[in-house]
Amino acid sequence: MIKTDILIIGAGPTGLFTVFEAGLLKLKCHLIDALPQPGGQCSEIYPKKPIYDIPGFPEVLAGDLTKNLVEQGKQFEPGFTLGERAETIDKLEDGTFIVTTNKGTKHHAPVVAIAGGLGSFEPRKPGLDNLDIYEDNGLEYFIKDPEVYRNKRVVISGGGDSALDWSIFLADVASEVTLIHRRNEFRGALDSVEKVSELKNLGKINLITPAEVTELHGDGKIEALTVSKEGEEFRLETDHFIPLFGLSPKLGPIGDWGLEIEKNAIKVDNSLNYQTNIPGIFAIGDVNTYPEKLKLILCGFHEATLMCQAAYRIINPGKKYVLKYTTVSGIDGFDGSRKEAPKAVVQSIQ
Ligand SMILES: Cc1cc2nc3c(=O)[nH]c(=O)nc-3n(C[C@H](O)[C@H](O)[C@H](O)COP(=O)(O)OP(=O)(O)OC[C@H]3O[C@@H](n4cnc5c(N)ncnc54)[C@H](O)[C@@H]3O)c2cc1C
């Protein structure tokens, strides 16, 4: 059982910034995310796009914003359960919660902050038979640990940035990389398309277009695929098949937690602290709704900050929190680090 003060569901920008604001109040956070990496939409959908409306950053790449948020929260030692979807919630008699993921990991906390954005990103699966037999037995929709593919034969399918970027990356890891796409054109960053073309010419990526995988073969695990190219079918031996067809967000299991839902978002009280209709459960960032709601990163940051104050009062009943500026109080990390502005000194000048 993982125990924490604030259990955050969703490690997008809102969830990540919550770690920092909670840390200032000496509250510990643990984050669950269905994706294998933090950053939510920023890292999954548009890591290489510049954002222009983060206060203080005239321009920042979404991927760099994620890195900075992770770095900013590090001193408060957050825990992560990645690649798992929060599935069920149980309220205990003492008012605390147990959240269990689809893989059975249990988390216990007095406060739950849902920062689930558009919902948990589910992979778009290919329309093939017997997917369930091969899932996690050579058929993967995410690459969690590239080392799994070292010296293995890998077939990637898809025509977007993920398919291009992982083909490039695995060209140096796997013994054989094949990229299959149903069109000759790829929809990705120009430098990635050029790099794949270069690796194809060097014989490091086997490119098959326009083509589709039509059948999976193997005794309990992937051993080969049937590929259809311009009306002709052939068999391709491989150890792994990784279809990267993008992700579609779904509010998913959170929609069945008894929370008030409006237009696929969780209704909260924005006049106070973004609490839902269940005391102790908050919803912040893109996942919530209230009058005049704006789905912007900076709004998520603000909501996270106010929510942490409410969490403090739940966890420390009767204790008063006095707001302190970080420039004045400095920051004491849970890792023993201390950051502070240089103190004024009293010294005479001769
Ligand atoms: C192309 C594009 C460009 C954008 N440009 C801008 C911009 O310029 N400026 C701006 O302010 N905003 C922009 N946005 C919007 C911005 O990305 C979102 O407002 C922001 O990502 C919301 O952050 P969040 O943390 O609330 O949610 P998200 O980033 O959506 O993260 C939510 C996370 O929760 C996880 N999750 C959900 N349910 C579960 C569950 N049950 N179990 C486990 N994990 C779960 C998801 O996997 C996801 O990682 C843009 C969005 C897109 C798509």
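Criterion applied to 235, 187, 182 was being away from the ligand (no atom under 16 Å from the Cβ), farther than 30 Å from residue 310 by Cβ and either hydrophobic (A, V, I, L, M, F, W, C) or part of a loop (DSSP other than H, G, I, E, B) (or both), and the one residue passing it is 182. Looking only at the stretch 168-193, filter to residues that are at pLDDT below 95 and of a type in the set (Gly, Ala, Ser); which one of those is least open to solvent (accessible area, probe 1.4 Å)? The selected residue is 192. Scanning the stretch 59-89 for residues that are of a type in the set (Lys, Arg) and under 27 Å from residue 255 (Cβ atoms) returns a single hit, 85.
Residue-by-condition table, conditions (1) more than 6 Å from the ligand (Cβ to nearest atom); (2) within 21 Å of residue 2 (Cβ to Cβ):
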| site | (1), (2) |
| --- | --- |
| 16 | yes, yes |
| 23 | yes, yes |
| 29 | yes, yes |
| 35 | no, yes |
| 41 | no, no |
| 44 | yes, no |
| 47 | yes, no |
| 53 | no, no |
| 56 | yes, no |
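Scan 342, 317 and give me the residue that is free of Cβ contacts under 8 Å to residues at least 40 places away in the same chain, outside any helix (DSSP H, G or I) and closer than 30 Å to residue 278 by Cα.
On the way: 342 fails: closer than 30 Å to residue 278 by Cα.
Exactly one of 342, 317 is free of Cβ contacts under 8 Å to residues at least 40 places away in the same chain, outside any helix (DSSP H, G or I) and closer than 30 Å to residue 278 by Cα, namely 317.
Just one of the listed residues (98, 114) is open to solvent by less than 20 Å² (accessible area, probe 1.4 Å), closer than 21 Å to residue 252 by Cα and either touching a Leu at 6+ places or on another chain (Cβ under 6 Å) or β-branched (Val, Ile, Thr) (or both), namely 114. Only one residue in 278, 314, 297, 331 is within 12 Å of the ligand (Cβ to nearest atom) and open to solvent by less than 80 Å² (accessible area, probe 1.4 Å). Which one? Result: 297 is the single residue among 278, 314, 297, 331 that is within 12 Å of the ligand (Cβ to nearest atom) and open to solvent by less than 80 Å² (accessible area, probe 1.4 Å).
The single condition among (1) within 13 Å of the ligand (Cβ to nearest atom); (2) touching a Cys at 6+ places or on another chain (Cβ under 7 Å); (3) not hydroxyl-bearing (Ser, Thr, Tyr) that residue 85 does not meet is (2). What about residue 7, is it under 20 Å from residue 251 (Cα atoms), open to solvent by less than 10 Å² (accessible area, probe 1.4 Å) and within 8 Å of the ligand (Cβ to nearest atom)? The answer is no for residue 7.
Rundown of residues vs (1) of a type in the set (Val, Ile, Thr); (2) at pLDDT 95 or above, yes/no style:
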{"position": "86", "(1), (2)": "no, yes"}
{"position": "91", "(1), (2)": "no, yes"}
{"position": "96", "(1), (2)": "yes, yes"}
{"position": "101", "(1), (2)": "yes, yes"}
{"position": "106", "(1), (2)": "no, yes"}
{"position": "109", "(1), (2)": "no, yes"}
{"position": "120", "(1), (2)": "no, no"}
{"position": "151", "(1), (2)": "no, yes"}
{"position": "155", "(1), (2)": "yes, yes"}
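Restricting to the stretch 328-350, give me the number of residues that are modelled with pLDDT under 90 and either of a type outside the set (D, E, K, R) or under 22 Å from residue 16 (Cβ atoms) (or both).
So in the stretch 328-350, the residues modelled with pLDDT under 90 come out as 328-329, 340-350.
Now drop any that are not either of a type outside the set (D, E, K, R) or under 22 Å from residue 16 (Cβ atoms) (or both), which leaves 328-329, 341-342, 344-350.
Of the residues in the stretch 328-350, 11 are modelled with pLDDT under 90 and either of a type outside the set (D, E, K, R) or under 22 Å from residue 16 (Cβ atoms) (or both).
The values are calculated or read from the model by the stated rules, or taken from the named source; none is laboratory data. This structure is a prediction, so every number in the text was calculated from the model and none was measured. No Cβ is skipped: glycine too gets one built from the backbone with ideal geometry, and neighbour counts run over all protein chains shown. Side chains are part of the model used for accessible areas, which takes the heavy atoms of the whole protein and leaves out ligands, DNA and RNA. Shrake-Rupley method; radii C 1.70, N 1.55, O 1.52, S 1.80 Å.
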